[in-house]
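Heads up, the thing below is written out as structure tokens.
Just so it is clear, none of the values below were taken in a lab; they were calculated from the coordinates. Because the structure is predicted, anything quoted here is derived from the model rather than measured. Heads up, the Cβs are rebuilt from the backbone with ideal geometry, glycines too, and the neighbour counts pull from every protein chain shown.
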Amino acid sequence: MKYLDEFSDPELAGRLVDQIKAVTTQRWAIMEVCGGQTHSIIRHGIDQLLPDEIEMIHGPGCPVCVTPLEMIDKALEIASRPDVVFCSFGDMLRVPGSAKDLFRIKSEGGDIRVVYSPLDALTIARDNPDKQVVFFGIGFETTAPANAMTVYQAKRLGIPNFSLLVSHVLVPPAIAAIMESPTCRVQAFLAAGHVCCVMGTDEYPELTEKYRIPIVVTGFEPLDILEGIRRTVIQLESGRHELENAYPRAVQASGNLPAKAMLQDVFEVTDRSWRGIGMIPQSGWRLAPAYREYDAEHRFSVTGIHTAESQICRSGEVLQGMIKPHECAAFGKECTPRNPLGATMVSSEGACAAYYLYRRLEVTHA
Amino acid sequence: MPDVSGERAAPIDVESWVCPIPLRDSPNIVMGHGGGGAMSGELIEHLFLPAFGPAADAGMGDAAVFEVNGARLAFSTDSFVVKPLVFPGGTIGDLAVNGTVNDLAMAGARPLVMSTAFILEEGTALDEIAHVAQAVGTAALAAGVKLVTGDTKVVDSGHGDGVFINTAGIGIVDERVDIRPQRAALGDVVIVSGDIGVHGVAVMSCREGLEFATTVASDTAPLHGLVAAMIDTGADVHVLRDPTRGGVAATLNEIAKTARIGVALDERAFPIPAEVRDACGLLGLDPLQVANEGKLLAFVAPEDADRVLAAMRDHPLGIRAAVIGRCVADHPGMVVARTALGGTRVVDLPIGEQLPRIC
């Protein structure tokens with residue numbers, strides 16, 4: 001595919017790795033914010049190619065993983081109602097809530113449908129006027145415009161039986177929360193390229209200045225990630241802390257203006273809880289008052305569901321690189337990929353799950 | 001606790017990168033139990049085999065091989081529930097014949113006879129059933145297998161997706177061969193017979209709610225002719241499997257586990273058509289976990305690899321055959337791939353169903 005194959009060329013990757021090695025003189029801890037970047041790093045073995053001095057800390061940017069347990073439980077409650085068609089992106093179906101997941105609700109008779117676009121859910125609503133159709137609107141700034149557009153269209157077209165279960169979260173407040181942690185080890189960030197496609201880069205200079213950290217907007221293909229790391233290391237080595245855009249083929253400083261206007265119209269900023277991290281002020285979106293009637297939490301009166309996250313889980317510290325996963329008392333005991341207590345064990349690319357698997361490998365080798 | 005401080009050097013498992021791990025201890029059947037991955041295996045191991053008790057005598061192959069009056073026979077059955085019934089490159093009818101033919105062929109058997117059982121949903125158009133039935137006939141003729149018995153049932157509207165088909169087949173095993181997963185051995189060369197991921201992408205491209213434009217058509221085909229050409233080289237073929245549900249990843253993991261050997265793959269060696277790579281990139285799927293219907297994986301001794309590969313490439317269904325890996329002593333029971341960039345990664349079983357990712 002054009003613009004894809006060119007960015008995974010092994011020879012060019014080797015050259016970038018050589019350049020990174022040439023400029024690295026000391027240890028640096030860099031966080032890639034986005035789960036898609038984590039996936040690409042692990043999938044292609046990029047971390048194994050880097051010099052030993054460069055430590056990649058895997059950030060909280062997997063929307064599936066950071067969606068709070070409480071929100072999953074609300075989704076499960078709504079999806080089990082007989083009058084509801086519950087629509088979701090595919091990978092949310094597997095996320096465990098307190099006792100069940102959406103697959104289980106489906107096996108118990110719930111009408112749960114995987115859609116590829118939230119607008120498909122709106123079509124289902126129009127075709128089934130006697131049903132309540134709910135879309136599970138999770139994700140970062142990347143998925144938010146399509147969800148905003150869907151609610152906007154529902155209102156404009158007068159489709160009253162559609163609603164959105166909103167759990168949107170925002171990247172810049174998460175970066176600030178990580179940096180505010182007193183024992184934070186992160187020295188630079190690879191910002192999530194696709195978030196910046198939507199939002200632009202205006203929010204980041206404030207962060208680079210306040211925390212004196214380089215932030216490099218980075219794409220997702222192997223060469224994109226290596227280029228992001230290369231630019232980050234050059235900044236770190238030269239003592240600079242600036243915003244750079246290493247993904248200019250997709251990201252403009254101003255972002256996607258029509259998408260931003262839509263977000264501005266449909267959503268308003270609110271406090272959000274992050275699974276494994278806790279509440280981060282002003283770190284998410286909810287529907288603005290003009291669209292509140294399309295809020296599934298209110299329509300189905302599930303605002304009263306409160307599920308506490310595990311008290312013993314230390315994934316917040318793991319996410320900030322403060323402890324290694326096996327230093328948590330629950331690791332491998334109460335907390336396993338099959339029964340995860342926190343975000344980093346939910347996702348198979350999360351640090352705890354990776355360590356859990358690694359230990360399993362060692363046992364296999366023994 | 002083992003030292004885990006050096007995790008950089010170890011392969012980390014994200015092959016089945018679907019963020020959340022499913023709850024596997026569901027009291028009900030969930031769709032993932034039918035995905036051909038880890039959940040399917042657990043269902044067989046923890047439910048069916050204990051329930052069957054001493055009556056069960058099942059190996060890990062796709063077909064059972066047994067002797068009757070000195071002749072070695074292979075026996076296999078398979079059910080087909082594909083949606084939609086007609087997809088680019090084939091229909092559920094082609095799959096029903098070729099699937100069972102291939103299960104027999106993977107034991108080194110030439111298919112002889114087959115049963116077909118149709119479960120039809122009330123309200124399904126007769127035209128549609130005729131279309132599927134004709135495909136069954138055409139595929140059986142092409143494969144040289146006789147349809148010798150069958151059954152028809154009808155279920156209430158809403159209780160089936162138009163047509164479900166079960167086929168069972170009996171074949172006669174070539175007397176020169178002993179093909180089974182337990183025979184995978186250190187040093188064995190792993191060969192794939194052609195482009196992977198094609199069938200899965202073709203079916204997904206026309207699935208409701210996921211439609212996308214692609215030129216990819218299903219690779220459904222009977223493979224016993226290709227297998228015969230491989231055996232005719234005189235090579236000792238150790239293992240044959242067709243990587244259907246769960247794709248190449250699931251099949252290689254099953255073999256590695258059964259034979260207790262490691263499989264080391266070279267990701268660059270995989271024949272993956274650009275359309276398949278693009279569709280998988282778009283949907284967030286791994287081509288190694290996507291279903292095939294007309295491909296096989298062969299494990300052969302290194303000294304036999306060249307002639308087997310040459311014979312495969314001379315056959316119309318093996319033109320794009322390629323060596324993709326080897327059996328190694330490291331990481332027994334596991335499949336590890338060297339990435340194009342030179343890193344390594346574990347290639348794991350898909351857990352349940354393949355699902356498009358959010359991002």
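For segment B:187-316, the alpha-carbon radius of gyration amounts to 1.09 times the rule-of-thumb value 2.2 N^0.38 Å expected for a compact globular protein.
Look at the stretch A:97-106: the mean tally of other chain Cβ atoms within 10 Å of its residues' Cβ atoms is 4. Summarising the label geometry, the points placed 7 Å from Cα in the beta-carbon direction at B:Thr138 and B:Glu67 lie 4.3 nm from one another.
With N the number of residues in chain B, Rg(Cα) / (2.2 N^0.38 Å) evaluates to 0.98. Put in order of Cβ neighbour count within 10 Å, fewest first, the listed residues A:Asp265, B:Asp278, B:Asp127 become B:Asp127, A:Asp265, B:Asp278.
Secondary structure note: in segment B:181-346, about 85% of the DSSP beta bridges are antiparallel. Each helix, a run of at least 4 DSSP H residues, gives -39500 (n - 2.57); summed and divided by the residues of chain A, these come to -11500 deg cm²/dmol at 222 nm. Taken one residue at a time, the phi angles of segment B:339-344 give Karplus couplings (6.51, -1.76, 1.60, θ = phi - 60°) of 7, 4, 7, x, x, 10 Hz. Gly and Pro are set to x. Counting only other chain Cβ atoms within 10 Å of each residue's Cβ, the peptide B:278-288 averages 2.
Ranking B:Ala74, A:Cys196, A:Gln132 by how far each Cα lies toward the positive end of the dipole of the protein assembly as shown (charges on Cβ) leaves A:Cys196 at the top. Can you work out the PRE-style zone for B:Thr215? Point 7 Å along Cα to Cβ, and I want the residues of segment B:258-288 with backbone N under 16 Å. Backbone N within reach: B:272-279. Listed peptides A:93-99, A:72-78 appear in the order A:72-78, A:93-99 once ranked by packing, highest mean of other Cβ atoms within 10 Å at the front.
Along chain B, the longest continuous region that contains none of the GluC sites (Glu not before Pro) in a DSSP loop with at most 15 other C-beta atoms within 10 Å is B:212-359. Listed values for segment B:228-235 are Karplus-derived 3J(HN,Hα) couplings in whole Hz (6.51 cos²θ - 1.76 cosθ + 1.60, θ = phi - 60°), namely 4, 4, 5, 5, 5, 5, x, 5, and x replaces Gly and Pro. Beta bridges from DSSP with both residues in the protein assembly as shown: antiparallel share about 55 percent, rounded to the nearest 5.
Across peptide A:36-45, the average count of Cβ atoms from other chains found within 10 Å of a residue's Cβ is 6. Provide the FRET efficiency to the nearest 0.05 for the A:Thr270-A:Ala146 pair, computing r from the beta carbons and using R0 = 22 Å. After rounding, the FRET efficiency stands at 0.70.
Pull up the cross-link candidates among the lysines for A:Lys131, meaning alpha carbon to alpha carbon under 21 Å and not fewer than 8 places away within one chain. Once the sequence-local lysines are set aside, what remains near A:Lys131 is A:Lys74, A:Lys106, A:Lys155. The P(r) of segment A:185-275 has a tail past 19 Å containing 46 percent of all C-alpha pairs. With θ taken as phi - 60° and the Karplus curve 6.51 cos²θ - 1.76 cosθ + 1.60 applied, the whole-hertz 3J(HN,Hα) list for segment B:250-261 is 5, 5, 5, 5, 4, 5, 4, 5, 5, 8, 6, 10 Hz, x standing for glycine and proline. For chain A, the dipole from Cβ point charges (+1 on Lys and Arg, -1 on Asp and Glu) about the Cα centre works out to 580 debye, to the nearest 20. Would you mind telling me which residue in B:Leu223, B:Leu73, B:Leu252 has the biggest mean-square fluctuation in a Gaussian network model of chain B, where springs connect alpha carbons within a distance under 10 angstrom? Looking only at B:Leu223, B:Leu73, B:Leu252, the largest GNM fluctuation is found for B:Leu73.
Annotation: amide H of B:Ile172 within the under-5 Å range of B:Ala74, B:Arg110, B:Leu112, sequence separation 5 or more or interchain, hydrogens built in the peptide plane.
Between A:Glu242 and A:Ile215, the built amide H atoms are under 5 Å apart, and every one of these is 5 or more places off in sequence or on another chain. Normalised by residue count, segment A:15-111 yields a Cα convex hull volume of 112 Å³ per residue.
Taking every alpha-carbon pair within chain A, the share separated by more than 41 Å comes to 13 percent.
Quick check on segment B:111-186: of the DSSP beta bridges with both residues there, what percent are antiparallel, nearest 5%? Given both bridge residues lie in segment B:111-186, the antiparallel proportion sits at roughly 50 percent. Compared with the direct C-alpha span, the chain from B:Asp306 to B:Glu42 gains 91.3 nm at full extension, assuming 0.36 nm per residue. Remark: B:Phe48, A:Phe162, B:Phe270 ranked as B:Phe48, B:Phe270, A:Phe162, counting other beta-carbon atoms within 10 Å and listing the fewest first.
For chain A, the list of Cys residues with no other Cys C-beta under 4.7 Å reads A:Cys34, A:Cys87, A:Cys184, A:Cys196, A:Cys197, A:Cys313, A:Cys328, A:Cys335, A:Cys352. Highest mean first, the peptides A:61-70, A:102-111 sorted by other C-beta atoms within 10 Å per residue fall in the order A:61-70, A:102-111. Cβ-Cβ distance of A:Asp83 and A:Lys210, R₀ of 41 Å, FRET efficiency by 1/(1 + (r/R0)^6): the value works out to about 0.25.
In segment B:85-156, the convex hull through the Cα atoms has an average projected area of 5.1 nm², a quarter of its surface area. From its DSSP helices (H runs of at least four residues, each -39,500 (n - 2.57)), chain B gives a residue-normalised ellipticity at 222 nm of -7500 deg cm²/dmol. Ordering B:Gly187, B:Thr91, B:Gly162 by the projection of their Cα atoms onto the charge dipole of chain B, which places +1 on the Cβ of Lys and Arg and -1 on the Cβ of Asp and Glu, puts B:Gly187 at the extreme positive end. Volume of the convex hull of the protein assembly as shown (Cα atoms only), normalised per residue: 162 Å³.
The value of relative contact order for chain A, using C-alpha pairs under 8 Å at least six residues apart, is 19 percent. Shown here are the Rg and Dmax of the Cα trace of segment A:221-325, at 19.6, 55 Å. Amide H contacts of B:Thr344: B:Thr339, each under 5 Å away and 5 or more positions distant or on a separate chain (H built 1.01 Å from N in the peptide plane; Pro and chain starts excluded). From most to least packed by mean Cβ count within 10 Å, the peptides B:95-108, B:148-161 give B:95-108, B:148-161. Magnitude of the charge dipole for chain B, about its Cα centre and with charges confined to Cβ atoms of Lys, Arg (+1) and Asp, Glu (-1), is about 500 debye. Give me the base-10 log of I(q)/I(0) for segment B:97-246 at each q in 0.15 Å⁻¹, Debye formula, one uniform scatterer per Cα, rounded to two decimals. Taking Cα atoms of segment B:97-246 as identical point scatterers yields -0.93.
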